[in-house]
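Chemist: Have a look at this one.
The values are calculated or read from the model by the stated rules, or taken from the named source; none is laboratory data. Here the structure is a predicted model, which is why all the values come from computation and not from measurement. Note that we place each Cβ from the backbone using ideal geometry, even for glycine, and neighbour counts take in every protein chain shown. Note: areas computed on protein heavy atoms with side chains; ligands, DNA, RNA excluded. Shrake-Rupley method; radii C 1.70, N 1.55, O 1.52, S 1.80 Å.
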Amino acid sequence: MGEVHHLQRSGGDGTVRSGPGEHGPVDLAHEPPITLGRIRVVPSERVLEHNGKTVHLEPKAMQVLITLARVPGEIFSRDDLIDRCWEGRAIGDSSVARIISILRSAIRELGEDDVEIETLPRVGYRLLHDGGELAAPPAADVPANPAKQPWRNSGAILIGVLFLAALAGAFAWWMRPAATEEPLSLVMLPLSHGEDVEPLFTSGFETELRTELARSQALTVKSGDTTARLVQQGTAPVEIGRILKADYVWRGTLSRRDGRVVLDGELTDVGDGRTVWSERIASADGHAGALPLRTARAMLAGIGRPADADLPGDDMADADFDLYLTALGMIRSREPTQMQTALGRLRGVVERNPDFSGGYSALAKAGFLLASRQPENLVAASARARQNALRALELDPQSVEALKTMAMLATTSDERYRYIRRAVELDPGDAEAWLWYSHIAAHPDYAGEEVRAMRQLVAIDPLWGRSSQAAYVAAAEEGPELARSLDRDIIAAAATEQWQRDIAEARIANLDGDVSEFFRLTMRAMPVMENEHRQIAALHLSNLALLLDIDMPAPEMRGAAGIVQQVEAGRLPTSADFAANGLTGRNFWSVTPLVIGAPGQFIAAGRGDELLAIYDSAFSSADELEAFAQGNLRPHHFLPQVGTYIGFAMQQAGRQAEAVELYDLAERSIGRWRANDGMTMTPSLFEANLAAARGQRQRAIDAASRLPQYGYPYVLQSPGVPMTGPLLGDPVWENMRDDPRLKAVLAPIHDNLARERTQVLALMAP
């Protein structure tokens with residue numbers, strides 16, 4: 001940045017006071033408005049304004065911004081910021097990094113390029129401004145330059161005031177603060193049903209009721225696999241509430257009587273076991289669609305919590321309501337055929353009810369989930385899902401399901417992050433939202449957020465199959481000890497579920513390099529696992545089998561999904577197979593396992609020219625690749641991987657200038673990890689591979705030497721993602737395998753893997 005300017009702040013009498021030296025705690029209520037470049041900052045309202053746009057900040061973010069703004073250019077360490085904005089409380093570095101990320105996103109959203117928050121690695125942060133004077137804004141009732149005021153007549157002024165008031169009101173509604181009541185949490189047990197109610201309808205009704213309950217401010221609603229499993233085990237409702245650290249437990253039964261849907265529900269206080277609310281609620285004749293909302297409001301009234309009065313129940317025919325709820329149950333099943341059927345039913349529902357937000361959000365989610373299972377149709381299906389999600393948000397900006405889906409389908413990292421942040425703000429008990437948050441926050445700009453999301457996931461639904469991913473993320477991003485801690489939380493919740501305890505113990509053993517114990521415990525648990533757990537465990541076994549050079553039988557899968565599975569297992573399909581299943585051009589680069597696993601396999605198999613043909617058919621330059629990467633869920637995983645291996649293939653093909661451009665693209669992405677998030681397992685492995693590809697021997701060996709301290713090669717970013725680095729046959733390391741320094745780093749790993757391979761083969765022997 002260029003020249004650094006001191007901030008000026010206006011006093012209540014209109015005088016201007018200089019900012020330097022004002023380093024006390026920030027009291028937002030008494031901080032006057034200021035300007036940063038062309039951004040107007042109103043601390044008391046927690047608002048940033050520029051060029052007709054408005055961004056609302058959380059209180060902590062505004063406190064940090066004001067602290068940095070008091071003396072632009074002055075460096076504030078993380079401890080400085082903690083002292084001034086967190087009152088010296090013990091918090092992690094990730095909390096400060098998260099707030100800095102929020103501020104940068106807000107500044108980018110406002111389109112202000114002349115204000116920057118700079119990170120000085122291992123030192124701190126400072127606010128920089130290039131050009132212009134940072135000053136207090138003019139008083140609201142006195143024009144800064146009367147000659148340039150466009151609205152000079154009272155009619156125009158009135159219209160402008162009304163417009164701004166409406167805009168402010170709409171924004172306040174969208175970003176309204178949480179209720180001031182003490183936050184409460186509620187466990188929602190699976191809804192039971194009579195013989196006259198279909199299970200899929202019950203599942204959909206439960207989903208809709210949970211959505212309505214979660215609309216209450218300051219109430220976290222927990223539900224999911226953990227509650228279902230604990231109920232199946234015979235665990236008492238109050239004990240389930242204690243395990244999940246909730247204040248209340250809800251349970252209910254659904255039935256049909258005289259043509260009406262009837263819900264019997266009750267709410268129990270976890271602290272003393274009292275029933276604090278109990279009621280039978282029947283749908284009105286022809287208006288079953290209002291029943292979830294009516295039930296939620298009655299229950300919330302029973303505990304003195306406000307319901308959202310702005311959203312009346314949807315007025316639709318009972319037949320459409322039945323179709324909608326059954327479709328929700330089908331989507332919840334995650335079974336592809338069921339979800340495909342749900343899409344057809346939902347299309348009919350929204351055709352007959354064009355203003356029904358819930359129908360569009362369900363269409364969007366089903367379309368997105370199916371697109372991820374059909375790589376050959378990924379681009380077109382994702383576009384349709386995005387259109388439906390946007391329509392849902394037009395009708396209901398608070399639709400958490402639509403916000404979640406848009407978060408996964410948005411085209412830039414900042415957009416994805418804003419959508420998913422809003423979703424978890426509205427519904428902090430949504431385990432799936434936290435899982436998707438973790439995927440989106442796997443980005444150097446959101447330091448610490450990926451792990452924070454996974455912690456929330458384990459706290460809300462520890463026995464859900466996807467909660468097991470928390471340990472993988474924690475190990476890769478913060479280290480094995482946190483992963484062990486999260487798995488111990490899962491073990492504590494598993495109580496009588498021996499197979500879940502086995503799987504968590506297996507992951508802990510693997511972190512210690514005891515691969516054979518991982519195999520033993522996992523193979524013991526596999527026969528009784530539920531399908532979602534079995535899929536994740538099978539992927540992990542496949543990864544470790546590659547590491548041990550053991551051929552594992554894989555279930556036969558056809559189509560594009562089968563092609564992806566072959567790549568994950570280290571078996572490269574033929575070019576005809578890729579083409580026959582539509583995995584060419586940009587379709588190829590849109591499928592994460594192909595992007596990660598296939599390029600190295602192409603080069604190792606002597607098919608580098610074929611790999612470059614797939615690349616050239618999709619991209620004409622490194623800039624075009626970089627723009628495409630922004631639509632990827634994890635662009636800073638995508639770019640180091642593609643830049644390294646396509647650059648290496650180009651280098652081998654004599655396309656040196658293009659290779660350098662791709663290598664530089666990978667370098668910049670890795671540099672963002674180093675500056676913002678620190679060099680943990682994932683970026684360190686990227687750096688090692690890139691240095692090896694570029695022939696930077698010392699740098700490659702230094703990076704490889706750091707990997708074992710992060711748990712390499714036993715730590716996975718995610719099961720099903722085969723990244724071996726300097727081990728096995730990765731082609732970028734081919735010219736370095738005989739280097740004695742690299743051999744010294746890898747020798748203990750090879751020795752342990754050889755021992756573990758012998759023990760695993762003995763376990764697998766008939």
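Chemist: Please state the charge dipole magnitude for region 176-286, taken about the Cα centre, from unit charges on C-beta atoms (+1 on K and R, -1 on D and E), reported in debye and rounded to the nearest 20.
Modeler: Values: 13 positive and 18 negative charges, 52 e Å.
Charge dipole of region 176-286: 240 debye, to the nearest 20.
Chemist: Say R0 is 45 Å: what FRET efficiency, to the nearest 0.05, do GLU118 and LEU395 get from their beta-carbon distance?
Modeler: Details: r = 41 Å, r/R0 = 0.92.
The computed FRET efficiency comes out at 0.60.
Chemist: Taking θ as phi - 60°, what are the ³J(HN,Hα) couplings along region 220-227 by the Karplus curve (6.51, -1.76, 1.60), each to the nearest whole Hz, with x for Gly and Pro?
Modeler: Here the 3J(HN,Hα) series is 9, 9, 10, 7, x, 4, 4, 5 Hz.
Chemist: Hey, another quick one. Between LYS222 and residues 5 or more places away or on another chain, which pairs have amide H atoms under 5 Å apart, with H built 1.01 Å from N, and which residues are they?
Modeler: Here LEU186, VAL187, MET188 satisfy the definition.
Chemist: Expected output is a single nm value to one decimal: the length gained when fully extending between ALA627 and LEU28, i.e. 0.36 nm times separation in residues minus the C-alpha distance. What is it? Don't skip to the answer; put the middle values down first.
Modeler: Details: separation 599, 0.36 × 599 = 215.64 nm, distance 3.90 nm.
Fully extending the segment from ALA627 to LEU28 adds 211.7 nm.
Chemist: Once you wrap a convex hull around the alpha carbon atoms of region 347-464, what is its projected area averaged over all directions, in nm²?
Modeler: Across all orientations, region 347-464 yields a mean hull projection of 7.6 nm².
Chemist: Continuing with this model, one more query. Describe numerically, in nm with one decimal, the distance between label points set 7 Å from Cα along Cα→Cβ at ASP751 and at SER77.
Modeler: Using points 7 Å along Cα→Cβ, the separation is 4.1 nm.
Chemist: Send over a whole-number figure in Å² for the accessible area per residue of region 552-614, probe 1.4 Å.
Modeler: On the way: 2680 Å² over 63 residues.
Per residue, region 552-614 has 43 Å² of solvent-accessible surface.
Chemist: Something else: For region 673-766, what does the accessible surface come to per residue with a 1.4 Å probe? Please give it in Å². Spell out each step's value before the answer.
Modeler: Numbers: 3940 Å² over 94 residues.
Value for region 673-766: 42 Å² per residue.
Chemist: Something else: P(r) of region 476-594 in 10 Å steps, Cα pairs, percent per bin?
Modeler: Histogram of Cα-Cα distances, whole percents per bin: 12, 36, 30, 18, 4.
Chemist: Related question: Give me the one-decimal nm value for the distance between modelled label points at SER44 and GLU351, 7 Å along each residue's Cα-to-Cβ direction.
Modeler: Going by the 7 Å Cα→Cβ label model, 5.6 nm.
Chemist: Ok, one more. I need the peptides 205-213, 246-254 ranked by packing, meaning the mean over residues of other C-beta atoms within 10 angstrom, with the highest value on top.
Modeler: Numbers: 205-213: 23.4, 246-254: 21.7.
Descending mean neighbour count gives 205-213, 246-254.
Chemist: Starting from the 7 Å offset along Cα-to-Cβ, what nm value, one decimal, do you get for the label separation of SER485 and THR412?
Modeler: Taking the simple label geometry, SER485 and THR412 are separated by 3.5 nm.
Chemist: From the phi angles alone, apply the Karplus equation (6.51, -1.76, 1.60; θ = phi - 60°) to region 400-407 and give each ³J(HN,Hα) in whole Hz, x where the residue is Gly or Pro.
Modeler: Along region 400-407, the couplings run 5, 4, 5, 4, 4, 5, 5, 4 Hz.
Chemist: In Å³ and rounded to a whole number, note down the convex hull volume per residue for the Cα atoms of region 532-573. Mind showing how you got there, number by number?
Modeler: Numbers: hull volume 2.8 nm³, N = 42.
It is 67 Å³ per residue.
Chemist: At a 1.4 Å probe, what is the % contribution of carbon and sulfur to the accessible area of region 582-741? The partial results should precede the final answer.
Modeler: Numbers: 2750 of 5480 Å².
Roughly 50 percent of what the probe reaches on region 582-741 is carbon or sulfur.
Chemist: Continuing with this model, one more query. Across region 185-191, in residue order, what do the Karplus-derived ³J(HN,Hα) couplings come to in whole Hz, using 6.51 cos²θ - 1.76 cosθ + 1.60 with θ = phi - 60° and x for Gly and Pro?
Modeler: Each residue of region 185-191 in turn: 10, 9, 9, 9, 6, x, 6 Hz.
Chemist: Taking a 29 Å limit on the Cα-Cα distance, which of the listed pairs LYS60/LYS245; LYS60/LYS365; LYS53/LYS245 fall beyond it? Display every interim value, and only then the final one.
Modeler: Numbers: LYS60/LYS245 26 Å; LYS60/LYS365 33 Å; LYS53/LYS245 40 Å.
Long pairs (Cα-Cα over 29 Å): LYS60/LYS365; LYS53/LYS245.
Chemist: Over region 630-686, what is the mean sequence separation of C-alpha contacts under 8 Å (at least six apart), divided by residue count, expressed as relative contact order in percent?
Modeler: Values: 42 pairs, mean separation 19.4, N = 57.
That works out to 34 percent.
Chemist: A further question follows. Which whole-number percent gives the relative contact order of region 384-444, counting Cα pairs below 8 Å spaced six or more residues apart? Kindly include the intermediate steps, with their values, before the conclusion.
Modeler: Working: 58 pairs, mean separation 16.9, N = 61.
Relative contact order of region 384-444: 28 percent.
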